[in-house]
1. I'm checking my understanding of the structure. Among residues of segment 164-204 that are in a helix (DSSP H, G or I) and acidic (Asp, Glu), which one is farthest from Lys302 (Cα to Cα)?
2. Taking segment 27-70, which residues are acidic (Asp, Glu) and modelled with pLDDT of 85 or more?
3. Report, ordered by the first and then the second residue, all pairs with beta carbons closer than 8 Å, sequence separation of six or more or different chains, a first member in segment 202-231 that is among the small types (Gly, Ala, Ser), and a second member that is part of a helix (DSSP H, G or I) and open to solvent by less than 30 Å² (accessible area, probe 1.4 Å).
4. Considering every residue within segment 58-81, establish whether at least one is in contact (Cβ under 8 Å) with a residue 40 or more places away in the chain and open to solvent by less than 40 Å² (accessible area, probe 1.4 Å).
5. Would you mind telling me which numbered condition in (1) under 25 Å from the mean Cα position of the chain (by Cα); (2) surrounded by fewer than 13 Cβ atoms within 10 Å (Cβ to Cβ); (3) in a helix (DSSP H, G or I); (4) not aliphatic (A, V, I, L, M) Glu118 fails?
6. Mind listing whichever residues of segment 229-259 are in contact with a Phe, Trp or Tyr (Cβ under 9 Å, 6 or more places away or on another chain), farther than 15 Å from Asn201 by Cβ and open to solvent by 10 Å² or more (accessible area, probe 1.4 Å)?
7. Checking Phe184 against (1) touching a Leu at 6+ places or on another chain (Cβ under 7 Å); (2) exposed (fewer than 15 other Cβ atoms within 10 Å of the Cβ); (3) within 22 Å of Asp259 (Cα to Cα), which test does it fail?
8. Can we say Thr161 is at pLDDT 85 or above, assigned to a helix (DSSP H, G or I) and among the β-branched types (Val, Ile, Thr)?
Amino acid sequence: MAIQINRSRWANRATVIYWLLLIYVLAALIWWFIALNLQNRQMAEYKLSLLTHDDLAYIQKVEKIYSERDRLTTAYLSEGVVFLSVILVGAIFLYSAVMRQIRIQRQQQNFMMAITHELKTPISIARLNMETLQKHNLDETKKEKILKSSLQEINRLNTLTGNILVSAQLEGGSYLFNKEELNFSQIVSESYGDFSSRFPNRPWHHAILPGLFLSGDPLLMQILVNNLIDNAVKYSPPGTPVTVGLKKEGTEGILELRDEGSGIPKKEHKRIFQKFYRVGNEDTRTAQGTGLGLYLCRKIAKDHKMRLGVSDNQPRGTLFTVRFNLIQV
């Protein structure tokens, strides 16, 4: 947290310095225009003072001096406007680039904080369970319960490392796609069964239409469904239901994930699919996560020509939908 505070202070100081420098440059540009225009007027007055009234070409020379003065004033003003435009465009571009870099650094810092916690928690729980089995002579029921808890944490750790690895491979273009005809109904049903058994105290509802097939990578489709269900579990209170639906509309299949959590503000609907992005502050949020789950879902959906969307669930919570083309087998 101290590192994050220091980075925040550095960002604030950099912003203040940036605006001070920009104001200085603009003030210097305005002063440059005023000084040149003043010099131009003084030169015109000096030339006028050299003329004599009995000169036959006096009026023409005066008009020429005024014309030259006005021409230079217009030239200075035009150059100033061009310089000002270039400076403002460059300043806006630079400010946007710096702010984007600062935002990325903050997200990466949040990711490191989250991933440290996410990795440490299942390891600590599994270690504690193993030590308990080693030190105490427990009955079979308690042993089975502890082993089940350890396996759940190991599976959670495996899912987390898998998300990180697949995300890096997809982004780097090194992932080898293995698209084939898949029974998507079966994938959704298996994921639903896995999560409902891992969280038996939560109300679960499902309406999964059997026999819906698509063309896709088996691993990525499993990750897509698991991440969406996991997201619904993480961001809704334990006593609220999670609903998994799979239906058919014409030539399309629609996967729906509903929860009754606090929901996602509409201004965040596009941001939640960004890499490392998480709603809220890393120091205050209670939900676990790394900011990779929904980013990976969007990446997988895009690579499979699916349409992933988010909207408000009724009466409360969030609804994620995935639309995809069905195939006949």
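1. Of the residues in segment 164-204, the ones in a helix (DSSP H, G or I) are 164-172, 184-198.
Filter again for acidic (Asp, Glu), leaving 171, 190, 194.
On the way: Glu171: 12, Glu190: 23, Asp194: 26 Å.
The qualifying residue farthest from Lys302 (Cα to Cα) is Asp194.
2. Filtering segment 27-70 down to residues acidic (Asp, Glu) leaves 45, 54-55, 63, 68, 70.
Result: Glu45, Glu63, Glu68, Asp70.
3. That search, which allows pairs on different chains as well, returns Gly211/Ser185; Gly216/Phe184.
4. For segment 58-81, residues in contact (Cβ under 8 Å) with a residue 40 or more places away in the chain and open to solvent by less than 40 Å² (accessible area, probe 1.4 Å): present.
5. The failed condition is (2).
6. Once the filter is applied, which keeps residues that are in contact with a Phe, Trp or Tyr (Cβ under 9 Å, 6 or more places away or on another chain), farther than 15 Å from Asn201 by Cβ and open to solvent by 10 Å² or more (accessible area, probe 1.4 Å), segment 229-259 yields Asp230, Asn231, Thr243, Glu252, Glu256, Arg258.
7. All conditions are met except number (2).
8. Values: at pLDDT 85 or above: no; assigned to a helix (DSSP H, G or I): yes; among the β-branched types (Val, Ile, Thr): yes.
Considered against the rule, which asks whether it is at pLDDT 85 or above, assigned to a helix (DSSP H, G or I) and among the β-branched types (Val, Ile, Thr), Thr161 comes out as no.
The values are calculated or read from the model by the stated rules, or taken from the named source; none is laboratory data. Predicted, not measured: the structure shown is a model, and the values here were computed from it. A quick note on method: Cβ atoms are made from the backbone with ideal geometry, for glycine too, and the neighbour counts reach across all protein chains shown. The protein model used for the area step is the full one, side chains on, heavy atoms only, and it has no ligands, DNA or RNA in it. Shrake-Rupley method; radii C 1.70, N 1.55, O 1.52, S 1.80 Å.
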